[in-house]
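What follows is one structure encoded as structure tokens, with my remarks underneath.
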Amino acid sequence: DALMLLDQRTPNVSGGNRGDGGGGGQAGAGGPGGRGGSSYSYSTTHRRNGKSHTHWHRNPGGCDGSEGQSGRGGTSGPSGNRGPDGEFVVKIANVGEFHDLYDVSISVERLQSAAGWGRATEPHAVMRCYASATNPSLMPTPLTQPLVYDVHGEWVQCAPEHGVTLPLGLVGSATLEPVQFQVAPGSPPYVGAPLVERTLLHHRVTAPRIQKTFACAAKTATEFVVQYPVEMSSAAHALTVSRGDEAPFAIRVHNLSSKPIGGSAGRALSVSIHCAFQAAWQSGDGAALSDVQSAIICPSDVVLRGDGSCEYHAKR
């Protein structure tokens, strides 16, 4: 719990990369040229015809020498060696030493209606999520502190008492008891486009004592569709009918669940049929009647035949 409370995960203990060798030194500059020699004077004497003659001479100084060439640059130093890998060890008294920390992921097998209606996830339905938990580490989960698995989501209502506990000291995988949740209330059945709401079931594993959750388990999300298990088509019927005549009409019922609907062996199905009638009375010679009151159809004018499982609503 202490490591989880501090959000401690297995650190990277790889050795550092080797450093590059240092670059070679710059070449030294050439030495300055030597100084030219100094100028000097001298005299020479010789005799001619019994007389001495002296001559004075002078040599100019030499020019300074040119600078020497620069030396060669030094060679780069060799690269260093890669640092040795470190070691991360957690020691648990009377249990052992471990090089990584326990974690928990969730794998979902299936979602199923608690009433046995398969994946028919209609509003208010009680559902069960069948899943397994996996700890990829050799370090077991806490031996005395239970971890709790539950679910949540936009259309999901999961009471705290419906969370299930993971086995103590889990290493590897284990099949969990199903988590029970209820699909949130939705719009009642109505005429028009059917309710088809795609949503996500999010999974959560919590350490209750410190109220920390496992990020690995939270990565799992299961898509399911909120919809009623029965869809009905619009009624197919005759466009006109004469007074006193019988006019059949038909509707198509699509069962989306995995169990039968209707009859003594299936789920009871109450069908409400809402009808609106428009009178178009004509006189014997084909002329339309102008007396509006004589062109009224009352609900009692229409008799719906059936087995009593359908509820009939008529409008004028």
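The values are calculated or read from the model by the stated rules, or taken from the named source; none is laboratory data. Everything numeric in this text was worked out from a predicted model, so none of it was measured. Note that each Cβ is placed from the backbone with ideal geometry, even for glycine, and that neighbours are counted across all protein chains shown. For the accessible areas, the whole protein counts, side chains as well, though only heavy atoms, and no ligand, DNA or RNA atoms are used. Shrake-Rupley method; radii C 1.70, N 1.55, O 1.52, S 1.80 Å.
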- Message: Rounded to whole Å, give me the distance from the Cα center of segment 214-245 to that of segment 158-195.
- Response: 22 Å
- Average silhouette area of segment 162-263, convex hull of alpha-carbon atoms, in square nanometres: 11.3 nm²
- Query: So how do Leu168, Leu256, Leu239 rank on accessible area, 1.4 Å probe, biggest first, that is with the largest at the start?
  - Reply: Leu239, Leu168, Leu256
- Item | Dipole magnitude (debye, nearest 20) for segment 99-178, charges at Cβ of Lys, Arg, Asp, Glu | 200 debye
- Note on the structure: With R₀ set to 45 angstrom, the calculated FRET efficiency between the beta-carbons of Leu101 and Val196, to the nearest 0.05, is 0.60
- Which value, in debye to the nearest 20, describes the size of the charge dipole of segment 8-105 about its Cα centre when Lys and Arg Cβ atoms bear +1, Asp and Glu Cβ atoms bear -1, and nothing else is charged? 1600 debye
- Note on the structure: Summed over the other residues with a beta carbon less than 10 angstrom from that of Leu201, with K and R at +1 and D and E at -1, the charge totals -2
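Using R₀ = 45 Å, calculate the FRET efficiency as 1/(1 + (r/R₀)^6) where r is the Cβ-Cβ separation of Thr144 and Ser258; round to 0.05.
After rounding to 0.05, the efficiency reads 0.60.
Loop only by DSSP, 15 or fewer other Cβ within 10 Å of the Cβ. Give me the trypsin sites (Lys or Arg not before Pro) in segment 44-101 that pass, ordered by residue number.
Passing sites in segment 44-101 are Arg72, Arg82.
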- Task: Please give, to one decimal in nm, the separation of the simple spin-label points placed at Asn17 and Ile210, each 7 Å out from Cα toward the Cβ.
- Result: 3.4 nm
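By the scheme Lys and Arg +1, Asp and Glu -1, what is the net charge of all other residues having a beta-carbon under 11 Å from that of Glu154?
Combined, the nearby Lys, Arg, Asp and Glu give 0.
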